[in-house]
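Colleague: One structure, as structure tokens, below. Some questions next.
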Amino acid sequence: MTDAERLGDVGSPIEGAFLLAFCDCAAANGYEIAPTAGDRGTTIGVVPQEAVGPYFLDFGIHFRFFGSALDIAVECDGHAFHRPTPRRRGYDERRNALIRAHGYRLRRISGTEIHMSPGRCAMDILGEIMDFQSTEMGRAFREER
């Protein structure tokens, strides 16, 4: 069973493509994927269809590094989200505000981007995790001095 299969069902084919690419990209860079994040900076928690308030994220991605936390909400947006109506924009604004209020960084990836290069989309998210880890390592080093 692959990491992507162990994590649970996704809501669409583009979400499935992103998840497979993210799991592969993370493994290639020395990370493990699990349903929850570890605290030592080697395990990335990935939760498909994670509940945040009354909403469901396509993916909640969680990374812990010696007491610091990074939580990323990844939304894989299909064609319907490229031309939102005023009503849809209002809904999205309220939803985005609540997600951010829960401490998530919100990242939207279009279905076109995922179809064209799922690996690049995955590496963009993993790069954010790696940048966070590097920043936290530098902070910890400075505090020890």
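One line per residue, one yes/no per condition, for (1) of a type in the set (Ser, Thr, Tyr); (2) within 24 Å of residue 118 (Cα to Cα); (3) at pLDDT 95 or above; (4) within 16 Å of the chain's Cα centre (by Cα):
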residue: 18; (1), (2), (3), (4): no, yes, yes, yes
residue: 27; (1), (2), (3), (4): no, yes, yes, yes
residue: 34; (1), (2), (3), (4): no, yes, no, yes
residue: 40; (1), (2), (3), (4): no, no, no, no
residue: 47; (1), (2), (3), (4): no, yes, yes, yes
residue: 52; (1), (2), (3), (4): no, no, yes, yes
residue: 63; (1), (2), (3), (4): no, yes, yes, yes
residue: 68; (1), (2), (3), (4): yes, no, no, no
residue: 80; (1), (2), (3), (4): no, yes, no, no
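Colleague: Related question: Listed residues 27, 21; which is in contact with a helix residue (DSSP H, G or I) (Cβ under 6 Å, 6 or more places away or on another chain) and touching a residue at least 24 places away in the same chain (Cβ under 8 Å)?
Modeller: Result of the check over 27, 21: 21.
Colleague: Against the definition (assigned to a helix (DSSP H, G or I), modelled with pLDDT of 95 or more and surrounded by 14 or more Cβ atoms within 10 Å (Cβ to Cβ)), how does residue 72 come out, yes or no?
Modeller: On the way: assigned to a helix (DSSP H, G or I): no; modelled with pLDDT of 95 or more: yes; surrounded by 14 or more Cβ atoms within 10 Å (Cβ to Cβ): yes.
So residue 72 fails the test.
Colleague: Here is a further query. If we keep just the residues of the stretch 18-55 that are assigned to a loop (DSSP other than H, G, I, E, B) and charged (D, E, K, R), which is surrounded by the fewest Cβ atoms within 10 Å (Cβ to Cβ)? Walk me through it before giving the result.
Modeller: Here is the first cut: in the stretch 18-55, the residues assigned to a loop (DSSP other than H, G, I, E, B) are 29-31, 35-39, 49-50, 53-54.
Next cut, charged (D, E, K, R) only: 39, 50.
Details: 39: 13, 50: 20.
If we take residues in the stretch 18-55 being assigned to a loop (DSSP other than H, G, I, E, B) and charged (D, E, K, R), then 39 is surrounded by the fewest Cβ atoms within 10 Å (Cβ to Cβ).
Colleague: A follow-up question, please. Considering 113, 15, which residue is touching a residue at least 40 places away in the same chain (Cβ under 8 Å), over 27 Å from residue 137 (Cβ atoms) and either crowded, with 21+ Cβ neighbours inside 10 Å or in contact with a helix residue (DSSP H, G or I) (Cβ under 7 Å, 6 or more places away or on another chain) (or both)?
Modeller: On the way: 113 fails: touching a residue at least 40 places away in the same chain (Cβ under 8 Å).
Of the residues listed, the single one that is touching a residue at least 40 places away in the same chain (Cβ under 8 Å), over 27 Å from residue 137 (Cβ atoms) and either crowded, with 21+ Cβ neighbours inside 10 Å or in contact with a helix residue (DSSP H, G or I) (Cβ under 7 Å, 6 or more places away or on another chain) (or both) is 15.
Colleague: Related question: Of the conditions (1) of a type in the set (Asp, Glu); (2) closer than 16 Å to residue 58 by Cα; (3) in contact (Cβ under 8 Å) with a residue 24 or more places away in the chain, residue 128 clears all except one; give me its number.
Modeller: The failed condition is (2).
Colleague: Just a yes or no: is a residue in the stretch 98-112 part of a helix (DSSP H, G or I), modelled with pLDDT of 95 or more and out of contact with any strand residue (DSSP E or B) (no Cβ under 9 Å at 6 or more places or on another chain)? Even if it seems obvious, please write down each step before you answer.
Modeller: Of the residues in the stretch 98-112, the ones part of a helix (DSSP H, G or I) are 98-101, 111-112.
Of the ones still in play, those that are also modelled with pLDDT of 95 or more are 98-101.
From the residues that got through so far, the ones that are out of contact with any strand residue (DSSP E or B) (no Cβ under 9 Å at 6 or more places or on another chain) too are 101.
Yes.
Colleague: Still on this model: Consider residue 87 against the criteria (1) within 30 Å of residue 41 (Cβ to Cβ); (2) at pLDDT below 90; (3) out of contact with any strand residue (DSSP E or B) (no Cβ under 8 Å at 6 or more places or on another chain); (4) not hydroxyl-bearing (Ser, Thr, Tyr): it satisfies all of them except one. Which criterion is unmet?
Modeller: (1)
The values are calculated or read from the model by the stated rules, or taken from the named source; none is laboratory data. Keep in mind it's a predicted model, so treat the numbers as computed, not measured. Note: ideal-geometry Cβ built from the backbone for every residue, glycine included; neighbour counts use all protein chains shown.
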